[in-house]
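Below: one structure, written as structure tokens.
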Amino acid sequence: MDPLRSYLGRLLLEEITPVVMVLTTPLAEAACRKSGLSFVDMLSPFSLFRKIDVPVRTASDQPYRLQMFKIRMVYASDVRKEDCEAVDERIKPIVSEANENALLDLLSEPPQLEDVLSKHEAELCPLWIKKFNRELMQTLSFSEHETFDHPVACLLVVSSKDKEPVSKFVDLFNTNQLPSLLNEGIMDPQILKHYLVLHDQQDGPQEIAVNILAEMKSTLGLNDCKLLCINSSTEANGIGAENSLLPYKAHGFHNQEAACSLNTDDLNEVKDFMQDLASNHIIPYMEQKIRVLNQQVATTRKGFRNQIKNLWWRKRDDVPEATNGPMYTFTSIESQIRVLGDYAFMLRDYELALSNYRLLSTDYKLDKAWKRFAGVQEMSGLCYFMLDQSRKDAEYCMDSAFSTYLRIGSSGKRNATRCGLWWAEMLKTRGQYKDASSVYFRTSNEEPPLHSGVLVEQAACCYLLSKPPMLRKYGFHLILAGNSYYISDQKQHAVRAYRNALFVYKQHPWSYINDHIHFNVGRWYGVLGIFDVAIKHLLEVIGCSHQSVTTQSMFLNDFFHFVQSMGKKFDVYKLQLPIFNMSSLRVIYEDHRTYASNTDVNVSESIWQELEEEMIPSSSVVRTNWLEKSPDLRKHKDSCVCVVGEAVKVIIEVRNPLQIPVTVSCISLICQLSTSLDASNAEDGVLIIDAGEDIADIANTKPTISAFENDENSFTASKLDIVLGGSETKSSDVIEIVEG
């Protein structure tokens, strides 16, 4: 696959892009607020150019054309490294929103193996996970050891209503307004400046702004000053604005009321301004900067003589120690090389970028500037990927960067996470899903539980996408992800992860794993208030004879709690407590009246057959007179004959699978009286008790009444109460009396 067409390729094109720092006056912001937008919000939807088609020439004489380009518009107050805790709080709503949306899916049946294997990667890894990954990467913006977040240009914006607009431009770009990273010497303050006068059409005629623009051009430069007019809509309350915004839906304008003051002409003017800023100012400035820096680096660092000189100098001079290695100002040759590499990367000249990153890696390694060394190794790996060159070198660079970030300590953990995310996407693009799973899992170890859960779930999906699918690893990692979600109070995600792993363990006799999954899924469903599904899952663990007494008591207590929480009468089927041994079922017909004992029931049928032949002749015997019995009953040789008022005793073995005592009340026989010739093929009523029926089938059958009646006959059943000790087995009998 062409790296530029892969997900990682598109991600790099949209994330590692030039930054334009924005400084505005309060009146300029007020004009934008009439449309419910800030100035940056108004421009940002037009900052991605998919068909810009601009010729570029960097260090080589061979030009090439950029087809896609993006610039990031950032307020000067936001050009700073954010606090990790504040960043994590910004990421949490992404997971929480998906957590609420997952509730509807939890009411459906759990997925089956065939359904899961037929899903594509996009279905297994939903959009919210990709959005989470991007936000996690962006938490490292404006780091001191990287320069692709350093502003390339500064856009200064003044309203036409401001007094002395030209003086306002000078006041905006002073040291008090600039970010601390520029004042501390980490970022280069000598950047491209672009001046914009913003005119609100609702405040007066455009001629005022035109005069201000002429004054700006004479003072600040002819090509660096622009005029932008907004709020041209004359529709009351935004009526008709929806139609004017239709061509811009893809750019993020979805709210009619939020953009009611902007009409189509305004948006076209904003689009043209951004196009001009990118193609006529930002890109040419970066080209020129690359050529100048490349010449300086070639003079001072490239060549055999300069390399020997550099190694000798670094060995003789003492390098000051710091937490993250030596401090490099923007004027140092190392910082200049890093700027050269990052600018080349953003303009798609990956060969030039890679050569400078490799040059820097040696310097940083000798200086023991490990965070900077890891940074250039990380970018080298991405260059190898975008060039579609040596996979081995790309993976070596990413592994080196990842390991180095971790060795630094806490200050490098989030950098290791970003490196791991890029590395995993690189492996997935090449179909190496098993290796990508390992990277996701290694990355998850450095993150808090919520982030870890999302990363481990991605590892599980990669195991499923491997060839052949690694189902057990898929299920195991889903369980780990679900546990992390639960710790982070994301219960819907926890249930979703656990129930998606059910089919993996369903066909395997892994009792403890099955108990763990069903119990936790049932418990979490109960916490969410879905008691019927909770009871269904807890029924799977009620008869767990292999668990400890404490665990069995916990299972029973939760089961009874959720049954009571239903707040109404609730019939529970498939309850394996106690266990009825259906193969032990025996039926006795008032044997004490014939002086028989219970043991006679177990006598082989062949012994009784000769005696029965005398009373009921076989079908081959021809009746000689009317007193002889019809041979039709021979078709029911397994049936017995009883009379009205006779008591029928059913004996069955009952076992308690638990180690704790169980009291069972009101055990009653369920039977069926059939007078249908089709059902019994007999003229008389026949009581049918099928002892060979599977207990699971009986348990799933919903009983209606305990006494079945027809027109002339009914049954009266006794009810039995028993107490079973831990792991005890008893033979219990239930009496059924046939009444006329």
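Working only with C-alpha atoms, what are the Rg and Dmax values of the range 336-447, expressed in angstrom?
Computed over the Cα atoms of the range 336-447, radius of gyration and Dmax are 13.5, 39 Å.
Within 10 Å of each residue's Cβ, count the other Cβ atoms and sort 489, 224 from fewest upward.
Working: 489 13, 224 16.
Ascending number of Cβ neighbours within 10 Å: 489, 224.
Quick check on the range 98-139: take the gyration tensor over C-alpha atoms, sort the square-rooted eigenvalues as a ≥ b ≥ c, and tell me if it's rounded (a/c under 1.5), prolate or oblate.
It is oblate, given that a/c is not under 1.5 and a/b is not larger than b/c.
Tell me whether the range 69-160 comes out rounded, prolate or oblate; compute the Cα gyration tensor, take square roots of the eigenvalues as a ≥ b ≥ c, and use a/c under 1.5 as the rounded threshold. Mind showing how you got there, number by number?
Working: a/c = 2.75, a/b = 2.49, b/c = 1.11.
In terms of gyration-tensor shape, prolate.
Given the range 154-195, what whole percent of its Cα pairs are spread farther than 12 Å?
Considering the range 154-195, 62 percent of its Cα-Cα pairs are separated by more than 12 Å.
So how strong a dipole does the range 383-517 carry about its Cα centre when Lys and Arg Cβ are +1 and Asp and Glu Cβ are -1, to the nearest 20 debye? Provide the component values of the computation, followed by the final result.
Values: 17 positive and 11 negative charges, 50 e Å.
Result for the range 383-517 is approximately 240 debye, rounded to the nearest 20.
State, in angstrom, two size descriptors of the range 1-160 derived from its alpha carbons: Rg to one decimal place and Dmax to the nearest whole number.
Both quantities, over Cα of the range 1-160: 20.4, 65 Å.
Please identify every one of the trypsin sites (Lys or Arg not before Pro) in the range 19-74 that sits in a loop by DSSP and has no more than 11 other beta carbons within 10 Å of its own beta carbon.
50, 51
Given Cα pairs under 8 Å that are at least 6 residues apart, what percent is the relative contact order of the range 357-403?
35 percent
Tell me which of 56, 93, 39 sits at the most positive position along the dipole axis of the range 21-128, charges placed on C-beta atoms (Lys, Arg +1; Asp, Glu -1).
The residue sitting farthest along the positive end of the dipole is 56.
Would you mind checking the range 102-131 for residues with the amide N under 14 Å from a putative spin-label position 7 Å along Cα→C-beta of residue 532?
Only 107-109 pass the distance filter.
Rounded, prolate or oblate, given the Cα gyration tensor of the range 33-102, with a/c below 1.5 counting as rounded?
Taking the square roots of the gyration eigenvalues as a ≥ b ≥ c, the range 33-102 is prolate.
Based only on other Cβ atoms within 10 Å, what is the fewest-to-most ordering of 25, 331, 300?
331, 300, 25
At a threshold of 8 angstrom on Cα-Cα distance, excluding pairs fewer than six apart, so keeping six or more, what relative contact order does the range 456-570 reach in percent? It would help to have the intermediate numbers written out before the result.
On the way: 119 pairs, mean separation 18.6, N = 115.
In percent, rounded to a whole number, it is 16.
Using only the alpha carbon atoms of the range 478-592, find the Kirkwood hydrodynamic radius as the inverse mean reciprocal pair distance, in angstroms to one decimal.
15.7 Å
If the only charges are +1 at each Lys and Arg Cβ and -1 at each Asp and Glu Cβ, what is the size of the charge dipole of the range 124-245 around the Cα centre, to the nearest 20 debye? Spell out each step's value before the answer.
Numbers: 9 positive and 16 negative charges, 43 e Å.
So the magnitude is around 200 debye.
Can you sort 428, 506 by how many other beta carbons sit within 10 Å, fewest first?
506, 428
Evaluate the relative contact order of the range 74-233 (contact order divided by residue number), counting alpha-carbon pairs under 8 angstrom at least 6 apart; express in whole percent.
About 23 percent, as a whole number.
Over 24 Å between Cα atoms: which of 34/70; 81/371; 70/131; 130/413; 92/413; 92/119 fall into that group?
Values: 34/70 27 Å; 81/371 16 Å; 70/131 18 Å; 130/413 20 Å; 92/413 18 Å; 92/119 27 Å.
34/70; 92/119, as the Cα separations exceed 24 Å there.
How would you rank 142-149, 288-295, highest first, on the average number of other Cβ atoms within 10 Å across their residues?
Ranking, from highest mean packing down: 142-149, 288-295.
Readers should treat all values here as calculations from the given coordinates under stated rules, not as data from a laboratory. Everything numeric in this text was worked out from a predicted model, so none of it was measured. All Cβ positions, even for glycine, are placed from backbone atoms using ideal geometry, and neighbour counts span all protein chains on display.
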